[in-house]
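In what follows, a single structure is set out as structure tokens and then discussed.
Values in this text are rule-based calculations from the coordinates and carry no lab data. Given the structure is predicted, the values throughout are model-derived calculations rather than measurements. Positions of Cβ are generated from backbone atoms using ideal geometry, with glycine treated the same way; all protein chains shown enter the neighbour counts.
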Amino acid sequence: MCKDNFQPADLPYRYEFGAGELTAIKACHDAHGFAIVKNMLSPDYVDELKESVSQVLDPESDLGLGETRVKHAFIEYSKPLWTLLENEDYLNINRCIFGTDALTIHRSAAILKNVESGPVTWHTDWCGFSEPPPKHSGDVLNRGDWPNGMWFYLNGTHPSRAGLAVIADSHRADWQPPDGFEFTADQRSFHRTGEEPKPYDRMDMPGTVPLFTEPGDLIIFAARTYHGAFPHGGDEPRLSCGFIFRPTQEKLSIPWELPESAHRFMEGLPPKLQRYVEDYPSIDIGWKPAG
Ligand SMILES: O=C(O)CCC(=O)C(=O)O
Ligand SMILES: [Fe+2]
């Protein structure tokens, strides 16, 4: 597909900001469910993170064409990502969005996506539509309304090469799919009315905002924002990573044992960063309730 066929959405508001525009970033996140912060990371740090994603996700350099790998709790395996815990721009954005500086690392991940990977179907990461008790790890961790996406796409993003897309305003509790679409049974995705009720995989939904970013830019999206990704038609693997906080005062009951990697991570952090692992949940991605 020709690169030039992709155009930024024509929205009546600005959604790209400089790192210092804290109030505007929070206002855009709160009003529209997403925001981009330009130029957060230096090129050298981007390279360091790319190296770390490659080392952790593809240590044998055997990523196949069309293959996508995800590493949950990536911060437990990536010392370079710890540097972000001392990045005042990143911290200030989080303090502003959350309205507190008492923050706990909540989730982290890295994704390595090779060329020829298919699209990521439209979905929300939020699991609050289903009633407790939780049935999987996402049900435990993804019920709050703190922003769930704080991603660095380290090659930048473009719709021609697996770029992320969001649906503006879809973070609102009363959001409904547009005419001609309806929710899937679990409300975590949608499909065209009259078509098979499986998560929609085309990026042509009314309200779709394809994101265009440079390496070093931060993509923020809200807890409930519906998002998906274009198929990867580029010529190099796409690397992304990040972590999100939750307010430390939001206590969670975590039903899994912390893995060894979580203990090593928490013990390895210097004393001045210990505040960010108070009640750190880590994740047991395969956790299921007993019985
Ligand atoms: O960029 C992608 O591959 C999709 C990421 C995603 O779904 C997420 O961040 O929750
Ligand atoms: Fe997602």
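Annotations for the structure displayed:
- Global form of segment 110-159, assessed from the alpha-carbon gyration tensor, a/c cut-off 1.5: prolate
- Expressed in Å, the radius of gyration and Dmax of the Cα atoms of segment 1-158 are 17.2, 47.
- Relative contact order for segment 118-231, counting Cα pairs under 8 Å that sit 6 or more residues apart, in percent: 48
- Overall Cα dimensions of segment 18-61, principal axis frame, Å, largest first: 43, 21, 9
- For the chain, built as a Gaussian network whose Cα springs stay under 10 Å, the top-fluctuating residue of Val120, Val56, Val37: Val56
- The Rg/Rh ratio of segment 137-248, with Rg taken over Cα atoms and Rh as the Kirkwood radius over Cα pairs, comes to 0.98.
- Per-pair calculated FRET efficiency, R0 = 41 Å: Ala290 and Gln55 via Cβ, rounded to 0.05: 0.70
- Mean separation of Cα contacts under 8 Å, 6 or more apart, over the residue count of the chain: relative contact order %: 29
- Computed on segment 186-291, with alpha-carbon pairs under 8 angstrom and 6+ residues apart, the relative contact order is 18 percent.
- Volume in Å³ per residue [convex hull over Cα atoms, computed for segment 188-279]: 213
- Inter-probe distance in nm under a simple model that places probes 7 Å from Cα toward Cβ, at Val70 and Leu91: 3.0
- Judged by the mean number of other Cβ atoms found within 10 Å, the most tightly packed of the peptides 153-159, 191-197 leads the ranking 153-159, 191-197.
- Label-point gap, in nm, between Gln249 and Glu236 - each point 7 angstrom along Cα→Cβ: 4.5
- Per-residue ellipticity at 222 nm, computed for the chain from helices alone with -39500 (n - 2.57) per DSSP H run of at least four residues, works out to -5500 deg cm²/dmol.
- Considering only Cα atoms, the convex hull volume of the chain works out to 148 Å³ per residue.
- About its Cα centre, segment 150-190 has a charge dipole of approximately 280 debye under the convention of +1 per Lys or Arg Cβ and -1 per Asp or Glu Cβ, with nothing else charged.
- Counting DSSP beta bridges with both ends in the chain, the antiparallel % (nearest 5): 95
- Candidates Phe221, Phe243, Phe98: whichever shows maximal mean-square fluctuation once the chain is modelled as a Gaussian network with Cα springs under 10 Å: Phe98
- Of Gly144, His232, Gly207, farthest towards positive along the dipole that unit charges on Lys, Arg, Asp, Glu beta carbons give the chain: Gly144
- Compactness ratio for segment 74-183: Cα radius of gyration over 2.2 N^0.38 Å (N = residue count) comes to 1.25.
- The Gln176 and Asp101 beta-carbon pair, evaluated with R₀ = 35 Å, returns a calculated FRET efficiency of approximately 0.45.
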